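See structure below.
The values are calculated or read from the model by the stated rules, or taken from the named source; none is laboratory data. Computed from a predicted model, the values in this text were never measured in an experiment. Note: ideal-geometry Cβ built from the backbone for every residue, glycine included; neighbour counts use all protein chains shown. When the accessible area is computed, the model is the full protein with side chains, heavy atoms only, and any ligands, DNA or RNA have been set aside. Shrake-Rupley method; radii C 1.70, N 1.55, O 1.52, S 1.80 Å.
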Amino acid sequence: MPRIEGEFDITRAVQPNLDLGGSLQAMHVRFDKRFRGPLEATSVVQMMGFMTATEGSGAYVAIERIAGTLDGREGSFVVHHSGRMDRGERELRVSVVPDSGTEGLIGLRGEMTIEIVEGGHRYTFEYSLPS
């Protein structure tokens, strides 16, 4: 399974909060990204998150459409983010939505990891594509 690494830039636009009932609010944020490296692409992310009253505990979900070229194959695909924090312990899963690939990325499967290192954003993407 190929594994690629690169960097991305991100722009954040906070949207109006979402009502969860019982006086709870979820934050809603749109992110625009620009990927560099073997994945040359742009993306739009719609994220919904919730933080508890306990510092460092919360969760978020997001859907992200990525469009561009992956190792020279052009198309788009969608990934699903699922993250949670338990008193500072973080878990994050970013997975390709099955059958979301278009054009040269039809049949794409994979998992992406995201790291923030010294203020910069990096990705690692392990994926498979039909021949």
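Data for the structure
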quantity: Condition check for Met1: touching a residue at least 60 places away in the same chain (Cβ under 8 Å) and not polar (S, T, N, Q); calculated: yes
quantity: Within segment 60-77, considering residues that are open to solvent by 40 Å² or more (accessible area, probe 1.4 Å) and on the phi > 0 side of the Ramachandran plot, the one modelled with the highest pLDDT; calculated: Gly72
quantity: Hits in segment 85-103 (condition: outside any loop (DSSP other than H, G, I, E, B) and crowded, with 16+ Cβ neighbours inside 10 Å); calculated: Met85, Val94, Val96
quantity: Residue within segment 40-52 that is more than 21 Å from Gly88 (Cα to Cα), of a type in the set (A, V, I, L, M, F, W, C), out of contact with any helix residue (DSSP H, G or I) (no Cβ under 6 Å at 6 or more places or on another chain) and surrounded by 15 or more Cβ atoms within 10 Å (Cβ to Cβ) present; calculated: yes
quantity: Selection from segment 26-51 of residues that are over 21 Å from Asp86 (Cβ atoms), out of contact with any Gly (no Cβ under 7 Å at 6 or more places or on another chain) and of a type outside the set (Val, Ile, Thr); calculated: His28, Arg30, Phe31, Asp32, Lys33, Arg34, Ser43, Gln46
quantity: Qualifying residues in segment 36-61 (those that are part of a strand (DSSP E or B) and not hydrophobic (A, V, I, L, M, F, W, C)) - the one nearest to Ala26 (Cα to Cα); calculated: Gly49
quantity: Test for Ser57: is it open to solvent by less than 50 Å² (accessible area, probe 1.4 Å) and within 30 Å of Gly21 (Cβ to Cβ); calculated: yes
quantity: Index of the failed condition, Thr69 passing every other in (1) more than 17 Å from Gly6 (Cα to Cα); (2) in contact with a helix residue (DSSP H, G or I) (Cβ under 9 Å, 6 or more places away or on another chain); calculated: (1)
quantity: Qualifying residue in segment 8-31 (condition: hydroxyl-bearing (Ser, Thr, Tyr) and either closer than 25 Å to Gly104 by Cα or open to solvent by less than 50 Å² (accessible area, probe 1.4 Å) (or both)); calculated: no
quantity: Residue count for segment 98-113, restricted to those that are farther than 19 Å from Thr69 by Cβ and not hydroxyl-bearing (Ser, Thr, Tyr); calculated: 3
quantity: Residue check for Ile116: within 29 Å of Leu18 (Cα to Cα) and out of contact with any strand residue (DSSP E or B) (no Cβ under 6 Å at 6 or more places or on another chain); calculated: yes
quantity: The listed residue being farther than 19 Å from Met1 by Cβ and modelled with pLDDT under 95, out of Gly120, Gly49; calculated: Gly120
